[in-house]
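Right, one structure below, let's go through it.
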Amino acid sequence: MCMKFKSIAFSLICIFIVSFTFSVNNDIGDKAKLVLAKQKMYGGQYNAALKIYKELQIKYPNDSEIYFNMGYCYYELNNYNSAFENFSKAKEIGKGVNSQTYLYLGLLYQKKSDFNKAIEEFNTFKSNTTNQKEIQESDVDVYISQCNNAINMIKNPINVKVINTGQDINSKYDDQTPCISADGQTLVFNSRRPEDTNSPTDVEGDGKYFQDIYISHFDTLNKKWKVAESVPGSINTEAHDACTSISPDGKIIFIYKNDTKDHEASGGDIFISKIMKNKWKTPEPIGKPINTSYWEGGACLSPDGKTLYFTSERKGGFGHSDIWMSKKISAKEWSKPENLGNTVNSPYDEVGIFMAPDGKTLFFCSNGPKSMGNYDIFKTVYENGKWSEPVNLGYPINTEFRDGPITIDASGRTAYISSDRPGGLGETDIYMVDISEYPIMAKDPSKATKYDGLSIIKGTIRDGFEGFGVANATVEFLDENNNIVSSTSTNENGEYFITLKGDAKYIIKVSLKGFQPASETVMLKKGVAEAFVQVKDFLLKK
């Protein structure tokens, strides 16, 4: 359910519970229990509310509102079978039935992949609701659109294979948000699994284990991912910690933190952690103007390191959560953020962003009328100074369940997504998507025959006398006609990293104030099954 609908449904439930009069009101003790159950439900204590409602249901077996409230609690607890049972009973009783019963039954049929039945229930909700504002705020027309999208997309699947990554990555808990380095060798993701028997749980929230960041490295010999482990270093805390992306070179993790006990993370902000000697440093807030008093949900970096894309609920957007961008000014400074505009952003949520290795294709998740249900993955391409109309990636990458975000390596042959679709090992699982026969990076994959992928050039620029890496050196890549194809700069360790088209010759020019410029011509090869990586170091002379 989208965040907008959840809050509206909640307020409507308040009205219905206060206004209905049924036989419980004849008993003072039961009336007090009802008020208490209502308070528990409003406070998100659904199990506590259910315990009371079950007692009342035994005494008042023909009250549709009790069944409706029980259905709502089960729905919020993701116990959809019990939710369906109670909403169905409320509908069967009929007398005094809350019209939102049909809305929730529609949502549950949608989750059951019975789209025609879902549309039928949605239309029943509309015909039984006289308040047009309530219909509009319920997003019922969005859900109908999603069901029609699902019917059409399932009939016309795209040519990909979606494969569960298995128990070396996934657990019986919630595993999501895969983030892969451009070379396809490092995978970080979020998991709500316990690290040991003493792992704390979120007792003030949903009672599950706190979310931590896990990492796995690709075993190139056996062609499989190694068993995932908690990220070494100082990233994970006793509160929730969530990665939102990893930089293309695999040396920076962007993190979302929302910890009321940490004033720098209260309300939801973006943090960064850098790797040093194979351990990840304590995350630091990215600071203003990226972080604000509003919710910032995550960020990703362009392949050249010059542009940061992030999601935020700050003022000036077009919906609840929008995608914004900011240009790099210096090592720790970013320009005033710009909204990507209403071609990309909508009145709904835009979250889960990933900038592809080509530096122009942006993937994101949205729950609007163009999805198949819940969140789907979309893509938009930046060309000629503007973003293209977002396109749904299609089935079976997307389903009627919560899908995304997506991450793709430089080869353009392998992607990873998270999804809570049926058949996984846990609540949400991470899946590998074989896109070798479907050129997802092409502007129009349906018309393209293949995608060649990109290769990687990386290295270290060093002081030729002292031998240490030099920061902020400019590294330019020119084609054979001396045109600048791309450029980047070195980090604090003197390292650079860039993705470029393979099977091409490039002139690399390095410059830094106080040093003589250096240049060299390289022939960058193209990988076959994975991205080709070339290392080119430079020693600068004064």
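Summary table below
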| read-out | value |
| --- | --- |
| Antiparallel bridge percentage (DSSP; both residues within region 214-289; nearest 5) | 95 percent |
| Protection proxy ranking of 112-119, 478-485, 461-468, 381-388 - average other beta-carbon atoms within 10 Å, highest first | 112-119, 461-468, 381-388, 478-485 |
| Full-extension gain in nm, D196 to A529, via 0.36 nm per residue minus C-alpha separation | 116.1 nm |
| In degrees, nearest ten, helix 46-59 long axis to first principal axis of the chain (Cα) | 20 degrees |
| For W225, distant residues with modelled amide H under 5 Å away | D219 |
| Rounded to 10°, Cα long-axis angle of helix 115-127 versus longest principal axis of the chain | 60 degrees |
| Highest average packing first - 62-74, 487-499, 326-338, Cβ atoms within 10 Å | 62-74, 487-499, 326-338 |
| Tensor-based shape of region 64-123 (alpha-carbon gyration tensor, a/c under 1.5 rounded, otherwise prolate or oblate) | oblate |
| Efficiency of FRET between T237 and E389 - r from beta-carbon atoms, R0 41 angstrom, step 0.05 | 0.50 |
| Cleavage-rule hits (trypsin sites (Lys or Arg not before Pro)) in region 178-229: DSSP loop, at most 13 neighbouring Cβ within 10 angstrom | K223 |
| Relative contact order (%) - the chain, alpha-carbon pairs under 8 angstrom, separation at least six | 11 percent |
| CD proxy at 222 nm, helix term only [per DSSP H run n ≥ 4: -39500 (n - 2.57); per residue of the chain; nearest 500] | -7000 deg cm²/dmol |
| Computed magnitude of the charge dipole of the chain (debye, nearest 20; Cβ of K, R +1, Cβ of D, E -1) | 540 debye |
| Largest-first ordering by accessible area, 1.4 Å probe, given options K133, K315 | K315, K133 |
| Degrees between helix 100-111 axis and first principal axis of the chain (Cα, 0 to 90, nearest 10) | 40 degrees |
| Antiparallel bridges, percent of DSSP beta bridges restricted to the chain (to nearest 5) | 90 percent |
| Segment I154-N79, length gained on full extension (0.36 nm per residue, minus Cα span) | 24.5 nm |
| Rounded accessible area of F84 (nearest 10 Å², 1.4 Å probe) | 40 Å² |
| Rounded FRET efficiency, nearest 0.05, which uses the C-beta distance separating N278 from E480 and R0 of 41 Å | 0.55 |
| Cβ crowding within 10 Å averaged over residues, with 413-422, 98-107 ranked highest first | 98-107, 413-422 |
| Inter-site label distance for K54 and D444 at 7 Å from Cα along Cβ, in nm | 5.7 nm |
| Gyration tensor verdict on region 426-515 (Cα atoms; rounded if a/c is under 1.5, prolate if a/b is larger than b/c, oblate otherwise) | oblate |
| Calculated FRET efficiency for the pair E520/K327, C-beta based, R₀ 25 Å, to 0.05 | 0.30 |
| Probe 1.4 Å - accessible area at K379, Å² to nearest ten | 10 Å² |
| For region 260-409: relative contact order, % (alpha-carbon pairs under 8 angstrom, 6 or more apart) | 15 percent |
| Correct option for volume of the Cα convex hull per residue in Å³ [calculated from the coordinates] among [x] 162; [y] 177; [z] 132 | [x] |
| Region 96-150: relative contact order in percent, alpha carbon pairs under 8 Å with at least 6 residues between | 37 percent |
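The values are calculated or read from the model by the stated rules, or taken from the named source; none is laboratory data. All figures in this text were calculated on a predicted structure; none of them were measured in a lab. Because the Cβ atoms are built from the backbone with ideal geometry, glycine has one as well, and the counts that use them run over all protein chains shown. Each accessible area value is taken on the protein alone, full model and side chains, heavy atoms only, with ligands, DNA and RNA left out. Shrake-Rupley method; radii C 1.70, N 1.55, O 1.52, S 1.80 Å.
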